[in-house]
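Some notes on the structure that comes next.
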Amino acid sequence: MKSIAVLDRTKEPGCAGEPLYLDVVNALAESGLVAHVIGGRFGLSSKEFTRPWSKPCSMSWPSRLPRNHFTVGINDDVTHTSLEYDPSFSTEPENVFRALFYGLGSDGTVGANKNSIKIIGEDTANYVQGYFVYDSKKAGGADHQSPALPVPSR
């Protein structure tokens, strides 16, 4: 192991680095392993990490001087530490198909999408993967209010 890039999703102004970066540096120091560690931030403004962001994170070193404490995915016009990236960069072949389905609670779309994924995976030559996100609200909970009950006076 020669080099490690640590990406954290938080900004800690005034610190020597972000929490995960400091944890990795400390773990390596305590174990006696020697590696060059650079730290960066992503996901600011609630942005999810994307494939195009991975290339500049790994390409910023060791071919040129390391850029520690960088940001990726935003244009940091204050500290100017943003790595430039190509939004069209992809690690997938051209024949990969991605689909995103949305559904509302209790409308049956989660079960239907699970069945669709199962059918595609079993009856075609395609590989499939499903990822579902649920919330904790009950169906109709957003526009349903419980009636107020009278509170007895003392």
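The values are calculated or read from the model by the stated rules, or taken from the named source; none is laboratory data. All figures in this text were calculated on a predicted structure; none of them were measured in a lab. When we count neighbours, we look across all protein chains shown, and the Cβ atoms used for this are built from the backbone with ideal geometry, even at glycine. We work out accessible area using only protein heavy atoms, side chains counted, and drop any ligands, DNA or RNA first. Shrake-Rupley method; radii C 1.70, N 1.55, O 1.52, S 1.80 Å.
Enter the accessible area of E12 (Å², nearest 10), with the probe set to 1.4 Å and all protein chains included.
Its accessible surface works out to 70 Å², give or take rounding.
Non-local amide H neighbours of I4 (under 5 Å, H modeled in plane, Pro and chain starts lacking H): which ones?
H36, V37, I38
At T81 and L33, where each label point lies 7 Å from the Cα along Cα→Cβ, what is the point-to-point distance in nanometres?
Placing both labels 7 Å beyond Cα along the Cβ direction yields 2.4 nm.
Roughly how much of H80 is accessible, in Å² to the nearest 10, using a 1.4 Å probe?
Counting only protein heavy atoms, the figure is 120 Å².
Assuming R0 = 41 Å, can you tell me the calculated FRET efficiency for the pair S116 and S58, based on Cβ-Cβ distance, to the nearest 0.05?
Efficiency computed from Cβ-Cβ geometry: 0.70.
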